[in-house]
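J.: Just dropping this structure here.
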Amino acid sequence: CEVCYDMGFTWAEITGRGTVHSWTVTHHPFHHSFKRDIPYVTVTADLEAGIRLQGPLVGSDETALTLGLPVIVDYSDVDATLSLPCLRLVT
């Protein structure tokens, strides 16, 4: 909790829909594992549930982005045991 700093939580289902708050284009990998992905776009999105989420943009590049553009949370399978959230533009 950002008010009391309690680490307790409960799970809640949300739509995963939101809007673009900001973005950045990364041209230099912070770790050698990301070198094959550069340049890549990281989007910060304000979700309808009141959550601000940051993740890689998939399916588009930065030329398609504008502030307030609708996005939805998607998932990228890293391997058979790990999926990570990413953001996709709503078309």
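J.: Counting Lys and Arg as +1 and Asp and Glu as -1, what is the net charge of the other residues whose Cβ lies under 14 Å from the Cβ of Gly16?
T.: In short, -1.
J.: Provide the gained length on full extension for the span Trp11 to Ala64, in nm with one decimal, where the gain is 0.36 nm per separating residue minus the Cα-Cα distance.
T.: 15.8 nm
J.: For the chain, what are the per-bin percents of Cα-Cα distances with bins 5 Å wide, up to the bin holding the maximum?
T.: Using 5 Å bins, I get a P(r) of 3, 12, 21, 21, 18, 13, 9, 3, 0 for the chain.
J.: Of all alpha-carbon pairs in the range 24-72, indicate the percentage at a distance above 15 angstrom.
T.: Every Cα pair in the range 24-72 considered, those over 15 Å come to 48 percent.
J.: May I pose another question? What number comes out for the charge environment of Ser60, summing +1 per Lys or Arg and -1 per Asp or Glu over other residues with Cβ under 14 Å away?
T.: -2
J.: Apply 1/(1 + (r/R0)^6) to the Cβ-Cβ distance of Ser33 and Asp74, taking R0 = 22 Å, and write down the FRET efficiency to the nearest 0.05.
T.: Given R0 = 22 Å and the Cβ-Cβ separation, E is 0.60.
J.: I would also like to ask the following. Hey, for a label at Leu82 modelled as a point 7 Å past Cα toward Cβ, could you say which residues of the range 26-44 have their backbone N under 14 Å away?
T.: 31-35
J.: Evaluate the charge dipole of the range 1-67 about its Cα centre and quote only its size in Debye, nearest 20, assuming +1 on the Cβ of each Lys and Arg and -1 on the Cβ of each Asp and Glu.
T.: Using Cβ point charges on Lys, Arg, Asp and Glu, the range 1-67 gives about 260 debye.
J.: Let me ask something else. By average Cβ neighbour count within 10 Å, what is the ranking of 45-53, 74-82, 1-9 from highest down?
T.: Answer by packing, highest mean first, reads 45-53, 74-82, 1-9.
Computed from the coordinates by the stated procedures, all read-outs in this text should not be read as laboratory data. The structure presented is a predicted model; accordingly, all values stated were derived computationally and were not measured. Methodologically, a virtual Cβ is constructed for each residue, glycine included, from the backbone with ideal geometry; neighbour enumeration extends over all protein chains shown.
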